[in-house]
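Have a look at the structure below before the remarks.
The values are calculated or read from the model by the stated rules, or taken from the named source; none is laboratory data. What you see is a predicted model; the values in this text were computed from it and never measured. For neighbour counting, all protein chains shown are included, and Cβ atoms are generated from backbone atoms with ideal geometry for every residue, glycine included. Heavy atoms of the whole protein, side chains included, go into the accessibility calculation; ligands, DNA and RNA do not. Shrake-Rupley method; radii C 1.70, N 1.55, O 1.52, S 1.80 Å.
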Amino acid sequence: MNMPVTTLAVPPDRFRAISAPRLAGMRRGIEKESLRVRPDGQLALTPHPQGLGSALTHPHITTDYSESQLELITGVHAGVQDCLDELTHIHQYTQHTLAAQGDEMMWVSSMPCGLPTDETIPLGMYGLSNVGRAKSVYRMGLGLRYGRRMQTISGIHYNWSLPGVSSAEYFALIRNFRRHAFLLLVLLGASPAVCNSFVQGREHSLQVLAGRTLHMPHGTSLRMGKLGYQSEAQSSLSVSYNGLDGYTHSLHDALTRPWGPYESLGIRNPGGDYLQLATTLLQIENEFYGTIRPKRTIFPGERPLHALRERGVEYVEVRLLDLDPFEPIGINAQTLRFLDVFLMHCLLADSPPDTPQELADMADNQHLTAARGREPGLMLQRAGQAVSLVDWGQELLAAMAPVARWLDGHAIQGTSAHADALATMVERLSHLETAPSARVLEQIRAREDQSFVGFARERSAHTRRWLLDLPWSAAQQASFDAESRQSLVDQKAIEDTDSMPFEMYRQEYVSPHRLGEHLRAPA
């Protein structure tokens, strides 16, 4: 039996509890990863371009796992379009810099381009400082634990906050988000296919489409499925999101619990080279993968877990978004407005505590949806009952309609942007052949070679031309150049002031006392 839609509806008093000034304080920012690739669709093995400044200290342009994996970061914005405009400008500067040194481009797909052997994928390098070395050692550990290829998957992170939301309320939002995340995978997932170089030497259930292209016929987001950020060690974690205390306790345990296979690796190899930061289940907090994270801005050198325990949740980081290869910067305004509606519904709707069984069901629902989300009649688990993915999704979208109208009512007079975004998703769920994942497969199949790499290469080249053709002033170039130069100065200053031996720094950083277990968690 299906859960009645009224259980998903937002009680009217929840709307009244949020004043117009609070709603106007909604903020968002974007972090977007993209591989640098050669014109032939193979991974670029060149260092992070000097013209882009220091990956350690640049506020807007850094690298993620690999030296070949750009990460572009906006500031915090009140407006959706302002956020996207800044992201576009960062893309423009990045592509102009790449064009000045050759013909590299940014890969438009979440699933990677043609990859070399695992050990050939270059780790991100951040200079000679202790903090820079630690970032590289952490990435070495990730490669040994999960494989370097897995780390080349790229995505978009959406950071979102609302004034006056307590830690308990943010965790209520997170619980609902995790329950309903399957809907975002179906509507926004765009990674149903991959080059076989990604899975070389790994077991998988992908089907051959043609040549080197593997796919799932009804897949939505291979990135968020069993091919993505998964490991035996992390599958042993059962992290509850019922409150800050329980969540931070679970993370503390994972950050301090020795894990046999990692202990056998050790911190250094016989030659003295560092292999990982720690032999615990997680080296640091960022190693814990999830669809959404509670976040708090940290002070220099502070551990994220300590910041959460001391000052509570400040914002949430949505982590399940694929790059949309049909959008030049990977995402558009309509998607962001739908995410705002989705997140606000998650915050305002009832959010009962999660249970071990529900945690297991959510993991199964995520993997099913990632691999088979567009399969007609696909059933998921909800409250101990099998329910149609489409029926559940329709109930959710119907429950979001009042939220969209409410957001539009507090926006510029006469706008219907949130309701329009929601209507697009309602239509998409009814016609899943229009979803990004279906469009990707359709265009791959339409090619003579039916090549995923060929499809993404052409889309990447189109995006390169689009970015280079946009208006770009000398003043904009000069402003970004100055930022890049300053980042190099800032990196040098950090290196010049380091005095502690790296091993002492490492031991101090991963020490359990830095995690703040003694602190009382805020409400």
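Quick notes
- Accessible surface, per residue, of the range 283-344 when the full set of protein chains is kept, probe 1.4 Å, Å²: 27 Å²
- Approximate shape of the range 233-369 as ellipsoid semi-axes (Cα gyration tensor, √5λ), whole Å, largest first: 30, 20, 18
- Only protein heavy atoms count here; under a 1.4 Å probe, residue 71 has an accessible surface of about 20 Å².
- The 1.4 Å probe gives accessible areas that order 322, 245, largest first, as 245, 322.
- For 31, 287, the ranking by accessible surface with the largest value first comes to 31, 287, using a 1.4 Å probe.
- Nitroxide proxy distance, nm - points 7 Å out along Cα→Cβ at residue 434 and residue 405: 2.2 nm
- Cα gyration tensor, the range 34-182 - rounded (a/c under 1.5), prolate or oblate: prolate
- Dividing the helix sum by the residues of the chain, where each DSSP H run of 4 or more adds -39500 (n - 2.57), gives a mean residue ellipticity at 222 nm of -14500 deg cm²/dmol.
- log10 of Debye I(q)/I(0), alpha-carbon scatterers only, for the range 62-125 at 0.13, 0.18 Å⁻¹: -0.46, -0.82
- Using heavy atoms of the protein chains and a probe of 1.4 Å, the accessible area assigned to residue 422 is about 10 Å².
- Each part gets one Cα centre, and for the range 391-459 versus the range 45-95 those centres are 26 Å apart.
- Option label - Rg/Rh (Cα atoms, Kirkwood Rh) computed here, alternatives [x] 0.94; [y] 1.00; [z] 1.16: [x]
- Modelled label reach - residue 205, point 7 Å along Cα→Cβ, the range 359-390 residues with backbone N closer than 11 Å: 367-372
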